[in-house]
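One structure is given here, and the rest of the page talks about it.
The values are calculated or read from the model by the stated rules, or taken from the named source; none is laboratory data. Since this is a predicted model, take the numbers as computed values, not measurements. Cβ atoms come from the backbone with ideal geometry, glycine included; neighbour counts cover every protein chain shown.
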Amino acid sequence: MAFIDRTIEIAADVRDVYEAWTAFEDYPKFMETIQTVTVTQDDRLHWVALVEEDTFEWDADVVEHVPDERVTWRAIDGRETGEMRFEKLAAGATKVTYQFEYDPTAWQGKADTVRHWMRRRVDKDLDQFKKMVEANA
């Protein structure tokens, strides 16, 4: 398994940041490779991603919701687990910590190449998320 741990600050209220993150079907707006995220039943998400002309699909369960504090998820097939934590800073600012553990072999390609690609992808997606939330704040 590989692990990614990133922290960013977003110039928006913790409630707004949390609500934007839990609007799962909006993920294609800031996640470049994600084509769709569909809520199929209570706290189950169906993901479709397009990576270099290869389509990947998987299901994940949201295993914990703590409003304005944390969202934790786990893929049904074991390919990933993750957590997003939200911490209110000064008025109108939020610290976001994203932790993600994933199996590089679940993605086609060499494990080292997948690790490098995934780190870049997470950094870009979090930056886009920050821009989207701040633009709407």
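Annotation for the stretch 46-53: no member residue is closer than 15 Å to Y18 by Cβ, over 15 Å from the mean Cα position of the chain (by Cα) and aliphatic (A, V, I, L, M). Scanning the stretch 108-132 for residues that are at pLDDT 90 or above and among the charged types (D, E, K, R) yields R119, R120, R121, D123, K124, D125, D127, K130, K131.
Could you tell me which of the residues D127, D112 is in a helix (DSSP H, G or I) and within 14 Å of the chain's Cα centre (by Cα)? So the residue among D127, D112 that is in a helix (DSSP H, G or I) and within 14 Å of the chain's Cα centre (by Cα) is D127.
Summed over the stretch 1-34, residues that are under 18 Å from W73 (Cβ atoms) and free of Cβ contacts under 8 Å to residues at least 60 places away in the same chain total 9. Annotation note: of T105, T81, the sole residue that is among the polar types (S, T, N, Q) and either closer than 25 Å to D42 by Cα or at pLDDT 95 or above (or both) is T81.
Where strands (runs of 3 or more DSSP E) fall wholly inside the stretch 1-107, the ranges with 3 or more residues that are touching a Ser or Thr at 6+ places or on another chain (Cβ under 6 Å) and surrounded by 14 or more Cβ atoms within 10 Å (Cβ to Cβ) are 44-51, 80-88. For F129, the criteria (1) surrounded by fewer than 16 Cβ atoms within 10 Å (Cβ to Cβ); (2) of a type outside the set (D, E, K, R); (3) out of contact with any His (no Cβ under 8 Å at 6 or more places or on another chain) hold in every case but one, which is (1).
How many residues are surrounded by 15 or more Cβ atoms within 10 Å (Cβ to Cβ) and either in contact with a Ser or Thr (Cβ under 6 Å, 6 or more places away or on another chain) or among the aliphatic types (A, V, I, L, M) (or both) when one looks only at the stretch 108-120? Residues that pass the stated criteria total 2. Being in contact with a strand residue (DSSP E or B) (Cβ under 8 Å, 6 or more places away or on another chain), farther than 24 Å from E64 by Cβ and not acidic (D, E) holds for only one residue in R74, R120, R115, and it is R115. When each of E69, E57, E101, E80 is tested for being closer than 15 Å to E19 by Cα and among the acidic types (D, E), the lone residue that passes is E69.
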